[in-house]
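Step one of this worksheet: look at the structure below.
Please treat every number below as a calculation from the coordinates, not as lab data. Remember, it's a predicted structure, so these values are computed and weren't measured experimentally. Don't worry about glycine lacking a Cβ; one is built from the backbone with ideal geometry, like all the others, and counts go over all protein chains shown.
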Amino acid sequence: MHTRFILINTSHAGNVGAAARAMKTMGFDDLVLVAPRWANVLRREETIQRASGALDVLEKCRIVDTLDEALDGVTHLCATAMTPRDFGPPTTTPREHFEMLSKQKQSAPIAQGLEGSLVPISVDAVPVQQGVGFLFGSERFGMRNEDVYRCHVCLSIPSNPQFGSLNIGAALQVIAYEWRLALGGFAVQPATQPSALADAAQVTGMLGHLEQSLTALGFLDPAAPKKLMPRLNALFNRAQVTQEEIHILRGIAKAILQRSAHAPAADGDLVAMDGKTTLNG
């Protein structure tokens with residue numbers, strides 16, 4: 001279904017840019033402005049700055065004088081409002097309504113056939129919405145009743161009852177996100193490819209290197225190691241360390257051994273000299 005976002009009587013140029021950016025992040029690009037405050041709103045500096053990378057949406061954006069001009073090709077119109085009206089289209093949440101729209105093609109109505117038998121109607125024969133439009137009112141006075149009456153539904157974003165008023169850019173982002181989810185959404189792209197897990201031989205080699213460094217530090221007594229190394233082995237098995245992490249740990253062990261070899265010995269320390277171990281002091 002084609003999607004169009006319509007801003008009516010927008011008074012702040014920055015909101016137009018924010019709307020364009022919110023739309024592009026969700027993969028939409030049909031934006032129409034109805035009688036905005038600024039005739040040159042698409043070229044104003046604040047608009048361009050707030051669009052931040054969505055200039056292509058601004059370039060495609062249309063400015064019209066009336067709502068009728070903005071509704072060409074729209075077969076299902078959604079108003080946005082914080083609270084229900086006494087009269088007008090039914091009010092529901094975006095998610096609930098979008099689930100209904102997205103399932104229209106999946107439902108097969110039943111019709112009465114010859115001699116009273118019930119037969120399914122082909123899904124292709126069921127009229128479906130070809131264009132969905134979302135209306136956003138002015139920052140100053142919101143949606144006018146006459147505009148809301150033209151809509152099929154009024155969408156209300158669940159929010160704090162004591163403070164439910166959203167900026168147009170924020171409200172549009174929520175609607176666009178919910179609609180994108182209903183249409184199928186985008187797959188999450190991993191930022192980086194995960195490193196391969198280390199195999200048993202790599203873990204064993206790292207543990208041996210780590211054991212040498214802990215001994216050099218005096219943390220591990222080779223004569224009475226107890227269960228330190230087996231416990232570390234179990235820890236790394238649970239952690240499922242990667243090959244990259246193995247390289248980091250071995251680098252740490254190497255640095256410890258290098259520092260220990262050049263550290264000055266204190267009285268009573270064992271010092272290695274020419275391959276022989278002597279007692280200093």
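For this structure, a couple of remarks:
- Stretchable slack from Asp65 to Phe219, in nm (0.36 nm times residue separation minus alpha-carbon distance): 47.5 nm
- Taking one quarter of the surface of the convex hull spanned by the alpha-carbon atoms of the stretch 152-246 gives a direction-averaged projected area of 12.9 nm².
- Fully extending the segment from Leu228 to Phe87 would add 43.4 nm, taking 0.36 nm per residue of separation and subtracting the current Cα-Cα distance.
- For the stretch 161-261, averaging the sequence separation of C-alpha pairs within contact (under 8 Å, six or more residues apart) and dividing by the residue count gives a relative contact order of 37 percent.
- The modelled label-to-label distance between Glu146 and Ser260, using points 7 Å beyond Cα along the C-beta direction, is 8.6 nm.
- Footprinting exposure proxy for Lys227, Lys24, Lys254 (fewest neighbouring C-beta atoms within 10 Å first): Lys227, Lys254, Lys24
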